[in-house]
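Below is one structure, written out as structure tokens; comments come after it.
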Amino acid sequence: MQLTLSDNNLITDKKEYTGVHPQKFALWIGMATMTMFFAAITSALLIKKGDFRVWESFRLPNIFMVSTAVIIAVSVVMQLSLYCYRHAKFSAFRWLLFTSFVLALVFLGLQLEGWQKLKEMGLPLAGNLAGSFVYLITSMHGAHIIGGLVVSLVFLVSAIRSRKDPIYELRNIINPKRQLNLEMLVSFWHFIDIVWVYLYVFMVLNYQ
Amino acid sequence: MQTAPSVEHAGVDTDHIHGHEEHHHEETFLTKYIFSQDHKMISKQFLITGMFWGVVGGLLSVLFRLQLGWPNETFPFLESFLGKWAEGGRISQEFYYALITMHGTILVFFVLTGGLSGTFANLLIPFQIGSRDMASPFVNMLSYWFFLSAGVVMLFSFFIQTGPASGGWTAYPPLNGLRNTGVNLGSGLGFDMWALGMTLFIVSSLLGALNYVSTVLNLRTKGMSMMRLPLSVWALMFTAIVGILSFPALLAGVVLLEFDRLLDTSFYLNNIIINGQLLGYKGGSPILFEHLFWFLGHPEVYIIILPAMGIVSEVLAVHSRKPIFGYKAMIISLMAILILSFIVWAHHMFVTGLNPNLGAIFTLFTLLIAIPSAIKVFNWIGTIWRGKIRLTAAALFAIGFVSMFISGGLTGIILGNSSIDIQLHDTMFVVAHFHIVMGIAAFFGMFAGVYHWFPRLYGRFMNETLGQIHFYITLIGSYCIFFPMHFMTGLPRRYYSYANFDTFNNFNNLAAFMSIVAIVVFLAQLLFLVNFFYSIFKGRKLEGEYANPWDSNTLEWTAPVERLHGNWPGDIPEVHRWAYDYSVNGRPFTPQNVPLKDGEAAH
């Protein structure tokens, strides 16, 4: 078979300058952009909160505490799955990846439940600004979670497909490029989880 | 033929793989021209898409100049093109505002951000740092496709019943915060398309930028320390960093705006009365949008001008046959501009009721930008001073850039003072300032880059005579259009007609003159387009398999003329010196990959 100049071949994993794979480095910069996005939204909240004439105080529904616990669990399970991958325990890897996927879905469900709770408290989306910001923050964070879920799904599908097909497993699961991509996926999940923890603490401090 | 397993090869020594140049990737039309992941092809895609948008944006300005130059005339041919937007041959008020809105949006974002950064970051970064491609060629391809789809959405908005967005390119609420204002047609679907288009555009910019920065920091060839990088690469990397930090703020601003428009929240809206009816919005503040918008909006002008600065530094050094003057000062100035760009945004908001003490701080930072800018101008002049200048079209445009940057920069110092700005806000003086300093100047940088690197892109030269005619018409024409604006004392910008103001009647002839020149300059750009596309197919060919047409030092000219995904057939050249050894040690030029000679010290 002739070796082709496929695009993965073009970029070495040389680490002589920053000690990091260039694509992983690019992901980190991507995280910086997302950080700026959430920083912009939370500073908008602070500006509006300074205007006491329009800000209606309330306490954040407790359900967001549960969702915070769930998303921390997502991070832990994700890290475990990477650990299993690195130690070639592929069956455990598959199960943990699947569990993290389900947990992330549970997280999204809890966020929706949180919206319901807000509505019951008399804070609809188009109501007082203070309430609108909670919908805004959770939905924008949720959009990033959905993005992560889509990529997770790609990994999950190929992990499940490889269960009974050793050749497929060799080609699509066990190779250095795959491990790099998995590491990047896991770091994205850690990142977006930390962002939620920040947003949660930020909201707890500003809604009391 | 070497064989290898078909698994993907991370961690494999690619230099070894590429040591066999016969391994050409089979390319179909689709993978070569459409879904290309080759940085050179993506560069061409950005350039030609940007040129398309340049023509559209320029044409829009010609249309509204017809209205401004001859407010009482009718142009029946317009009705056949524009239909209801120009009934009786006169551009309607609604469409006039759509024209200026889309002119600003298209030129600021689609030409001078996407077209300029996209083209030259893609072309120059991998070539000049000595890399086979970007950190992630796939993400790079996505960047172009988001750019294109953003453009498709924007273009479509011209063809809907209520027309494109028409509330100004700055998209201020409350005018743009309501879907049905009753006064502004473009605030309807047209604005939603604008917001969607901008969202796609921001994604494109960010995907591009993270790739550019990662590539420069990680994939430099052996010996290419940061302090040996050409200034073009420095500038493009700083541009990407500015984008990474500022574009997300605009995205946040647009998201909040769409929440208000589609989901009836009140982030920006408060006690709005339309047709005597009080709407339910409570507690929002349009000033919040201005903060979010200008947190991008101001850095955006540096996103536009920094690549032009980098290109010009490179072109001036090559064509004056002299080392760049003050290399380190250039980098430090770029860095100073980068930092200052984030703490001056409120100088766009002096008339919003901003606390005057805060205004004083923003005035101070704004004026500080004059220092790195002046250092750069000094260094460019120092570079061409007593050089053996070759007045090619590229060099002319680079010199023209410096001229424009000085002319427009000086009025920036005037406008940066809050006390003066309050008088001049929203007058033609501001229009003159920013068109000269970042509009025309950035275009000049872009043209300099296109004329200079066209042989690298297509293996042929552009026609030099046409290029020089293009330059002189554009230079003289641009000054004729924008310089008189400084003296139209107090004439407000964005007005459809000044007929009801006796004070401004004495500007009628001047306005007509500016409109005539605008049409001439627009036609001169078509000359450039003809030259460009003709030269792709029929231009004078570069001679030899390897060609260095300008006797340049940088690595892009060490690669073969023929386009090759991976850039160099064999090993990537190793770098031994900085990029500016022109006319030193008795040699006219010494490429970066030439080892140091005896007694020569590394720069």
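The values are calculated or read from the model by the stated rules, or taken from the named source; none is laboratory data. Quick caveat: nothing in here was measured; it's all calculated off a predicted structure. Quick reminder, even Gly has a Cβ in these numbers, built from the backbone with ideal geometry, and neighbours come from all protein chains shown.
Tell me whether region B:239-248 contains one or more residues that are at pLDDT below 95 and within 10 Å of another protein chain (Cβ to nearest Cβ). Scanning region B:239-248 turns up no residue that is at pLDDT below 95 and within 10 Å of another protein chain (Cβ to nearest Cβ).
The set of residues in region B:172-190 that are within 14 Å of B:GLY253 (Cα to Cα) and crowded, with 24+ Cβ neighbours inside 10 Å comprises B:PRO173, B:ASN176, B:GLY177. Between B:PHE120, B:PHE158, the distinction of being surrounded by fewer than 24 Cβ atoms within 10 Å (Cβ to Cβ) and part of a helix (DSSP H, G or I) belongs to B:PHE158 only. In this structure, B:GLY83 does not satisfy being more than 11 Å from chain A (Cβ to nearest Cβ) and at pLDDT 95 or above.
Of everything in region B:534-584, what is at positive phi and in contact with a strand residue (DSSP E or B) (Cβ under 9 Å, 6 or more places away or on another chain)? Give them in sequence order.
B:ASP551, B:SER583
Filtered by the rule that a residue be over 17 Å from the mean Cα position of the chain (by Cα) and either of a type in the set (S, T, N, Q) or not in a helix (DSSP H, G or I) (or both), region A:131-186 gives A:SER132, A:SER158, A:SER162, A:ASP165, A:ASN172, A:ILE173, A:ILE174, A:ASN175, A:GLN179.
Of the residues making up region A:187-203, one or more are over 18 Å from A:VAL70 (Cβ atoms) and part of a helix (DSSP H, G or I). Residues satisfying the criterion are present in region B:527-540 (criterion: away from every other protein chain (no Cβ under 14 Å), closer than 29 Å to B:PHE35 by Cβ and basic (Lys, Arg)). Please indicate, with yes or no, whether at least one residue in region B:12-25 is within 14 Å of chain A (Cβ to nearest Cβ) and at pLDDT 90 or above. No, that holds for no residue. Of all residue pairs spaced 6 or more apart or on separate chains, those with beta-carbon atoms under 6 Å, a first member in region B:493-504 that is of a type in the set (Gly, Ala, Ser) and a second member that is assigned to a loop (DSSP other than H, G, I, E, B) are B:SER497/B:PRO71; B:ALA499/B:PRO71. Residues in region B:392-410 that are touching a residue at least 24 places away in the same chain (Cβ under 8 Å) and hydrophobic (A, V, I, L, M, F, W, C): B:ALA393, B:ALA394, B:ALA395, B:LEU396, B:PHE397, B:ALA398, B:ILE399, B:PHE401, B:VAL402, B:MET404, B:PHE405, B:ILE406.
Taking the conditions (1) in contact (Cβ under 8 Å) with a residue 24 or more places away in the chain; (2) closer than 26 Å to B:ILE100 by Cβ; (3) of a type outside the set (Lys, Arg) in turn, B:ILE536 satisfies each one other than (2). Among the residues of region B:259-285, those that are assigned to a helix (DSSP H, G or I) and buried (at least 18 other Cβ atoms within 10 Å of the Cβ) comprise B:PHE259, B:ASP260, B:ARG261.
Scanning region B:414-425 for residues that are among the polar types (S, T, N, Q), under 23 Å from B:PHE507 (Cβ atoms) and modelled with pLDDT under 95 turns up at least one hit.
Residues that are in contact (Cβ under 8 Å) with a residue 12 or more places away in the chain and exposed (fewer than 15 other Cβ atoms within 10 Å of the Cβ) were ranked within region A:51-61; the one that is nearest to B:GLY253 (Cα to Cα) is A:GLU56.
Would you be able to tell me the number of residues in region A:33-50 that are at the interface with another protein chain (Cβ under 7 Å from one of its Cβ atoms) and surrounded by fewer than 16 Cβ atoms within 10 Å (Cβ to Cβ)? Count: 1. Region B:22-110 holds helices (runs of 4 or more DSSP H) entirely within its bounds, and those carrying 2 or more residues that are among the charged types (D, E, K, R) map to B:39-69. From the residues in region B:213-225 that are at the interface with chain A (Cβ under 9 Å from one of its Cβ atoms), part of a helix (DSSP H, G or I) and of a type outside the set (S, T, N, Q), which one is farthest from the chain's Cα centre (by Cα)? Once the filter is applied, the top-ranked residue is B:LEU217.
Residue by residue, here is whether (1) crowded, with 20+ Cβ neighbours inside 10 Å; (2) touching a Leu at 6+ places or on another chain (Cβ under 8 Å); (3) hydrophobic (A, V, I, L, M, F, W, C) holds:
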position	(1), (2), (3)
B:ILE332	no, no, yes
B:LEU368	no, yes, yes
B:VAL377	no, no, yes
B:TRP380	yes, yes, yes
B:ARG386	no, no, no
B:LEU410	no, no, yes
B:ASN417	no, yes, no
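Checking B:PHE443, B:PHE482, B:PHE434, B:PHE429 one by one, the residue that is closer than 30 Å to B:LYS40 by Cα and assigned to a helix (DSSP H, G or I) is B:PHE443 and no other. Taking region A:96-132 as the region of interest, how many residues are on the phi < 0 side of the Ramachandran plot and either without any contact (Cβ under 8 Å) to a residue 12 or more places away in the chain or within 14 Å of another protein chain (Cβ to nearest Cβ) (or both)? Residues flagged as on the phi < 0 side of the Ramachandran plot and either without any contact (Cβ under 8 Å) to a residue 12 or more places away in the chain or within 14 Å of another protein chain (Cβ to nearest Cβ) (or both) within region A:96-132 amount to 18.
Report whether or not B:VAL254 is of a type in the set (A, V, I, L, M), free of Cβ contacts under 8 Å to residues at least 12 places away in the same chain and surrounded by fewer than 24 Cβ atoms within 10 Å (Cβ to Cβ). No, not satisfied.
When we screen B:ALA195, B:ALA171 for residues that are part of a loop (DSSP other than H, G, I, E, B), in contact (Cβ under 8 Å) with a residue 12 or more places away in the chain, among the hydrophobic types (A, V, I, L, M, F, W, C) and over 23 Å from B:SER36 (Cα atoms), the only hit is B:ALA171. Could you tell me whether A:PHE64 is surrounded by 15 or more Cβ atoms within 10 Å (Cβ to Cβ), out of contact with any strand residue (DSSP E or B) (no Cβ under 9 Å at 6 or more places or on another chain) and of a type in the set (Phe, Trp, Tyr)? Taking the combined requirement at face value, the residue satisfies it.
Every condition in (1) of a type in the set (Gly, Ala, Ser); (2) more than 8 Å from chain A (Cβ to nearest Cβ); (3) surrounded by fewer than 24 Cβ atoms within 10 Å (Cβ to Cβ); (4) under 24 Å from A:PHE38 (Cα atoms) holds for B:GLY208 except the one numbered (3).
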